[in-house]
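Remarks on the structure that follows.
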Amino acid sequence: AQSVAQPEDQVNVAEGNPLTVKCTYSVSGNPYLFWYVQYPNRGLQFLLKYITGDNLVKGSYGFEAEFNKSQTSFHLKKPSALVSDSALYFCAVRDGGGFKTIFGAGTRLFVKA
Amino acid sequence: DVKVTQSSRYLVKRTGEKVFLECVQDMDHENMFWYRQDPGLGLRLIYFSYDVKMKEKGDIPEGYSVSREKKERFSLILESASTNQTSMYLCASGALRGATPLHFGNGTRLTVT
């Protein structure tokens, strides 16, 4: 069965500092991995994805994520956080041959000015 | 701009009422999904559909049903609403295969009293 774990309910970081939001996953086949962001009273917006190839993928708004197959992790990173990055972040996984996308519980990011 | 539109932003219903949540997408996507979002639980898949008149149970289908009579429309039905179905409901659509991300509507916040 597929599953996604986001071990931190909340991450606090000062503006200008690097940020990391953690994600680990379990899937039977080749994973497709995603990060989405949710702003208040909105649906989820796609940030970036990993399919295959380079373990470091770049996405929208300066975010990037590092895929680690041995640790089954897909951590979201940004070199310099902005106050406007404050939001709810979701990691998601899909089995490469399947239809279903499974989401983690979400991590709330607070960036303090 | 691609769009997933959920017909209601907020709904308040009474226990025992039959409730319809409507979702329309304009991207000609084969797959459509209904998730519910609860704090600390992330997004949980209720039902999905990969073709017209086809439906598959997700992880928490109890108390819900769905209808997909046209490719662009996917309806979630609460046959007899209960207070534990008070939640945020998110509709999403995506291409049939591959690693394309999901596109989400802005959500319907349902309160059952």
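Laboratory data are not the source of any read-out in this text; all were calculated from the coordinates shown. Small disclaimer: the values here were computed from a predicted structure and weren't measured. Note that each Cβ is placed from the backbone with ideal geometry, even for glycine, and that neighbours are counted across all protein chains shown.
Based on Cβ point charges of +1 for Lys and Arg and -1 for Asp and Glu, what charge dipole magnitude is obtained for chain B about its Cα centre, in debye rounded to the nearest 20? Walk me through the intermediate numbers first.
Working: 16 positive and 14 negative charges, 43 e Å.
The dipole magnitude comes to about 200 debye.
Given labels modelled 7 Å from the Cα in the Cβ direction, how far is it in nm from B:T113 to A:N68?
5.0 nm
Using a 10 Å cut-off on Cβ to Cβ distances, tally the other chain neighbours for every residue of B:59-72 and report the average as a whole number.
Per-residue shielding by partner chains comes out at 0.
If I stretch the segment between B:S7 and B:E69 completely, what's the gain in nm (0.36 nm per residue apart, minus their alpha carbon distance), one decimal? Before the final figure, lay out each step's value.
Working: separation 62, 0.36 × 62 = 22.32 nm, distance 1.65 nm.
Going from the current span to full extension adds 20.7 nm.
Cα centroids of the range A:50-113 and the range A:1-38: how far apart, whole angstrom?
First find each Cα centre; the distance between them is then 5 Å.
Of A:Y39, A:S73, A:G62, whose Cα points farthest to the positive end of the dipole of chain A (charges on the beta-carbon: +1 Lys, Arg; -1 Asp, Glu; origin at the Cα centre)?
Among A:Y39, A:S73, A:G62, the one farthest towards the positive end of the dipole of chain A is A:Y39.
Only four residue types carry charge here, +1 at the Cβ of Lys and Arg and -1 at the Cβ of Asp and Glu. Report the dipole size of chain A about the Cα centre in Debye, rounded to the nearest 20.
Value, rounded to 20: 160 debye.
Could you tell me which of B:H29, B:F48, B:T111 has its Cα farthest along the dipole of chain B towards the positive end, charges placed at Cβ (Lys, Arg +1; Asp, Glu -1), taken about the Cα centre?
Of B:H29, B:F48, B:T111, it is B:T111.
How shielded is B:41-49 by partner chains, expressed as the average number of their Cβ atoms within 10 Å of its Cβ atoms?
Other-chain Cβ atoms within 10 Å of each residue's Cβ, averaged: 4.
Hey, fewest Cβ within 10 Å first, where do B:T100, B:T83 land in order?
Listed from fewest to most nearby Cβ atoms, that is B:T83, B:T100.
Between B:M54 and A:D54, what is the label-to-label distance in nm when each label sits 7 Å out along the Cα-to-Cβ direction?
3.5 nm
Hey, got the average number of other protein chain Cβ atoms within 10 angstrom for residues in A:35-44? Could you put the intermediate results ahead of the total?
Working: counts 1, 5, 0, 5, 0, 0, 5, 4, 14, 12.
So the per-residue partner count for this stretch is 5.
Roughly how many debye, to the nearest 20, is the charge dipole of the range B:10-69 about its Cα centre, given +1 on each Lys and Arg Cβ, -1 on each Asp and Glu Cβ, and no other charges?
Dipole size: approximately 340 debye.
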